[in-house]
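To start, the structure itself, in structure tokens.
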Amino acid sequence: MTCPICGEKTAADYRPFCSARCADRDLARWFNGSYAVPSEDPEDLEKALEETERHLARGDTDTSSGLH
């Protein structure tokens with residue numbers, strides 16, 4: 001089995017990762033929103049659209065900070 005972050009062989013203590021560093025990198029990706037589980041809940045979609053529209057109305061170019 002190989003590490004999903006760097007491709008190295010996994011270590012039993014950190015499986016499915018090869019090291020604590022790669023495990024931490026994966027966790028950071030979840031925290032910063034790089035990974036996301038899509039929602040099909042109409043309320044979530046409506047909230048995301050409203051938030052995006054608010055950002056665009058203010059002239060914000062980065063709408064990712066308010067969308068989770």
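Every read-out reported here was derived from the displayed coordinates using simple, explicitly stated rules and does not represent laboratory data. Quick caveat, the model's predicted, so the values are computed rather than measured. Ideal geometry is used to build each Cβ from the backbone, glycine not excepted, and the neighbour counts take in all protein chains shown.
Observations on the model:
- Lys/Arg +1, Asp/Glu -1 at C-beta; the stretch 12-60 dipole; positive extreme among 52, 18, 42: 18
- Burial ordering of 22, 6, fewest other beta-carbon atoms within 10 Å first: 6, 22
- Per-residue Cβ neighbour rank within 10 angstrom, fewest leading, 17, 31: 31, 17
- In this calculation the C-beta distance from residue 58 to residue 28 is compared with R0 = 30 Å, giving a FRET efficiency of 0.60.
- Ordering 10, 2 by the number of other Cβ atoms within 10 Å of each residue's own Cβ, fewest first, gives 2, 10.
- Extension gain, residue 46 back to residue 2 (0.36 nm per residue minus Cα-Cα distance, nm): 11.9 nm
- Put a plus charge on the Cβ of each Lys and Arg, a minus charge on the Cβ of each Asp and Glu, and nothing anywhere else: the dipole of the chain about its Cα centre is then about 560 debye.
- Whole-angstrom Cα spans of the stretch 12-60 along principal axes, big to small: 49, 26, 8
- Mean separation of Cα pairs under 8 Å and 6 or more residues apart, divided by the residue count, gives the chain a relative contact order of 16 percent.
- For the chain, 6, 22 have no disulfide-compatible partner, since no other Cys C-beta lies under 4.7 Å from theirs.
- ³J(HN,Hα), Karplus 6.51/-1.76/1.60, whole Hz, each residue of the stretch 31-45, x for Gly, Pro: 5, 8, x, 5, 9, 8, 9, x, 10, 10, 5, x, 5, 5, 5
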